[in-house]
Amino acid sequence: MEVLFRDFQTACHEGSGPLLAATISPIAPPNYLNRLDAIYKDSNVASISRDVAFGLTKSAHAAIQYPNPQIDTWTEIYSAYWYAIGGIIAAAQSTSKPDWLRVYMAWKDLANTIIKHYSSGVLEAWTLPVLYMAGKHLRIFAIKADEAAAANGGDDTFNTGDIREDIAGDFDKNQKLEDAARVINRMFTLCISDRAPLEESRKWGLYYTANLQFKTYFKLNSPSLCKNVIRALGAGRTDMPDLDAFPRSHVVTWKYYVGVLRFLEEDYAGAEESLTSAWHMCHRSATRNIKLILTYLIPTCLLTRQLLPSPRLLAPYPRLAELFTPLVDAIRSGALSTFDAALADGEAEFVKRRIYLTLERGRDMCLRNLLRKVYLAAGMDEEGKRRTRIRVDEFGAAIRLGERGVEGENLENDEVECMVANMIYKNLIKGYISRAHGMVVLSKNGAFPGTGI
């Protein structure tokens, strides 16, 4: 266990929260793959508390003495960590079904121990990464416990989860994840209720714990619960640091989830603002996170500004290009049947990401571009100006070809007029329908807004 105590001594000496958090990591570092085994084998159930207390005070690698409350606190934390390691090693070495429930319960004890000592005031604000580490892996182990229960025929289900899958959680019960959500909520409350001066406040952990809640609620298919978190942060805004003062990674994740929430509520203007901000702030090397942001930003901009992504934007993200390029090409060319086929091909992924209905609205833009082609092909009138009176059956023929091909049945004029009326209502076309003459009379200026015509 010497490496554990040495890292603890170094972290305390340097005041390094990330290094201190690394001492309770359930994942061995690449340069010491046997770290967990070494720690676990250096003690036993009967002597773990005594071994930890002795190691913290009498380490051969440093002569640093600590006040008794600190020793007692970290003895309890590292003892709980030792028990959790035992479960993790057993699960990793299992030849049949890993006991992830044991791992989850042990890690939950560790998380509760950490929360208790933050509540008592022993752990200072600079150690907040320890809370982050506990909350992050509590959620992961809860998910694995639910999967194990589902595999064993239990009532729980599992959805593997990091940021890539959080928005696309399934709709089944996740009992351990629900339990973890309550513990993570305690972490959030622990941060937001702190009344210490900002320099020493746990409020600096607000957005990280809020993001953990968002991830958990989305996985539970309960995004509406995120509103409680947003309201709580809004109510406490007066005695909180400015959002820009928090670590960028916390802010980007926060804005991403807020943007997705607004997207799901069909507040597309708000979604565009949050997602665009997250996109600009996200580090260029974080390609996975950029891909997630663009997954929602592209459909949002499609509706708010009728803006299509360029090939250059999609090129670094092959999966996004595979999904969106056929739709974008169909919209640009006004190919209705191609658009419908592309939407059907990507339906499973679009539904999973909850963007199908939004993308479906892109068909209006596709139809607009098709009717624009008819307008351009109509030629000039006697005065040398572009014709603004288009027969309804001309539009109908174009729609029939675009939807059904040459062999398709003709559309009734009433059906065509209904489509054109919807386009006029949505401000995709400027003009009016003259039913008496069977004509669509288009505006002489800007007949197709946003297209330069």
Looking at the range 332-382, I'd like the Rg to Rh ratio, where Rg is from alpha-carbon atoms and Rh is Kirkwood's inverse mean 1/r. 1.19
Calculated from backbone phi, Karplus (6.51, -1.76, 1.60) coupling profile of the range 15-28 in Hz, x at Gly/Pro: x, 9, x, x, 5, 5, 5, 5, 5, 10, 5, x, 10, 6
Between the helical axis of 413-425 and the dominant principal axis of the chain, each derived from Cα atoms, what acute angle in degrees is found, rounded to the nearest 10? 50 degrees
Could you work out the pair-distance distribution P(r) of the range 216-298 from its alpha-carbon pairs, with 10 angstrom bin width and percents rounded to whole numbers? 17, 47, 33, 3
Using the Kirkwood formula on the Cα atoms of the range 253-347, what hydrodynamic radius do you get, in angstrom to one decimal? 13.7 Å
5 Å is the cut-off here: which amide hydrogens, built 1.01 Å from N in the peptide plane, fall below it relative to residue 391, excluding neighbours closer than 5 in sequence? 440
Principal axis extents for the range 1-61, Cα atoms only, whole Å, descending order, please. 31, 25, 17
Just to be sure I understand the curve: with the Debye formula and one point per C-alpha of the range 186-339, what is log10 I(q)/I(0) at q = 0.20 Å⁻¹? -1.27
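Contour minus end-to-end for residue 244 and residue 401, with contour as 0.36 nm per residue of separation and end-to-end as the Cα-Cα distance? Can you show the working numbers first?
Numbers: separation 157, 0.36 × 157 = 56.52 nm, distance 5.30 nm.
Full-extension gain reported as 51.2 nm.
Keeping all protein chains in place, calculate the accessible area per residue for the chain (probe 1.4 angstrom), answer in Å².
Ligands and nucleic acids excluded, the figure is 48 Å² per residue.
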To the nearest Å, what is the center-to-center distance of the range 374-392 and the range 262-323, using C-alpha atoms only? 38 Å
May I ask for the equivalent-ellipsoid semi-axes of the range 281-419, computed as the square root of five times each C-alpha gyration tensor eigenvalue and listed largest first in whole Å? 34, 18, 12
If you take the charge dipole of the range 280-359 about its Cα centre, with +1 on Lys and Arg Cβ and -1 on Asp and Glu Cβ, which of 292, 304, 351 is farthest toward its positive end? 292
Highest average packing first - 421-429, 383-391, Cβ atoms within 10 Å: 421-429, 383-391
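Could you size up the charge dipole of the chain around its Cα centre, putting +1 on the beta carbon of Lys and Arg and -1 on that of Asp and Glu, and report it in debye to the nearest 20? Can you show the working numbers first?
Values: 54 positive and 53 negative charges, 158 e Å.
With only Lys, Arg, Asp and Glu charged at Cβ, the dipole is about 760 debye.
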Which residues' amide hydrogens lie under 5 Å from the amide hydrogen of residue 431, considering only partners 5 or more residues apart or on another chain, with H built in the peptide plane? 443
Give me the dipole magnitude in Debye, nearest 20, for the range 244-349 about the Cα centre, with unit charges on the beta carbon: positive for Lys and Arg, negative for Asp and Glu. 560 debye
Karplus ³J(HN,Hα) for the range 394-400 (6.51 cos²θ - 1.76 cosθ + 1.60, θ = phi - 60°; Hz, whole; x = Gly/Pro) runs 5, 4, x, 5, 5, 5, 4
Once Cα extents along the principal axes in Å is worked out from the coordinates, which option in (i) 100, 51, 35; (ii) 107, 59, 48; (iii) 71, 69, 41 does it equal? (i)
Which of 126, 423, 20 sits closest to the plus end of the dipole of the chain, meaning its Cα is farthest towards the positive end, when Lys and Arg get +1 and Asp and Glu get -1 on the C-beta? 423
Among 8-18, 135-145, what's the highest-first ranking by average C-beta atoms within 10 angstrom per residue? 135-145, 8-18
Percent accessible area from carbon and sulfur atoms, the chain, protein chains only, probe 1.4 Å: 52 percent
Could you tell me how many degrees, from 0 to 90 and to the nearest 10, lie between the Cα long axis of helix 287-304 and the main elongation axis, the longest principal axis, of the Cα atoms of the chain? 30 degrees
Return, ordered by residue number, the residues of the range 327-356 whose backbone nitrogen is under 11 Å from a label point located 7 Å along Cα→Cβ of residue 265. none
Angle, helix 175-192 long axis vs. longest principal axis of the chain, Cα atoms, 0 to 90°, nearest 10? 80 degrees
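I want the local charge near residue 331. Using Cβ-Cβ distances under 14 Å, sum +1 for each Lys or Arg and -1 for each Asp or Glu among the other residues. Walk me through the numbers before you get to the answer.
Values: positive: 305, 332, 361, 363, 368, 372, 373; negative: 329, 340, 360, 364.
Net local charge, residue 331 excluded: +3.
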So which lysines can residue 227 reach, going by Cα to Cα under 25 Å and dropping same-chain residues fewer than 8 places off? 136, 173, 176, 203, 215, 219, 255, 291, 352
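The values are calculated or read from the model by the stated rules, or taken from the named source; none is laboratory data. These numbers were taken from a predicted model, which means no experiment stands behind them. Every residue, glycine among them, receives a Cβ derived from its backbone with ideal geometry; neighbour counts consider all protein chains shown. Heads up: the accessible areas ignore ligands, DNA and RNA and are worked out on the full protein's heavy atoms, side chains in. Shrake-Rupley method; radii C 1.70, N 1.55, O 1.52, S 1.80 Å.
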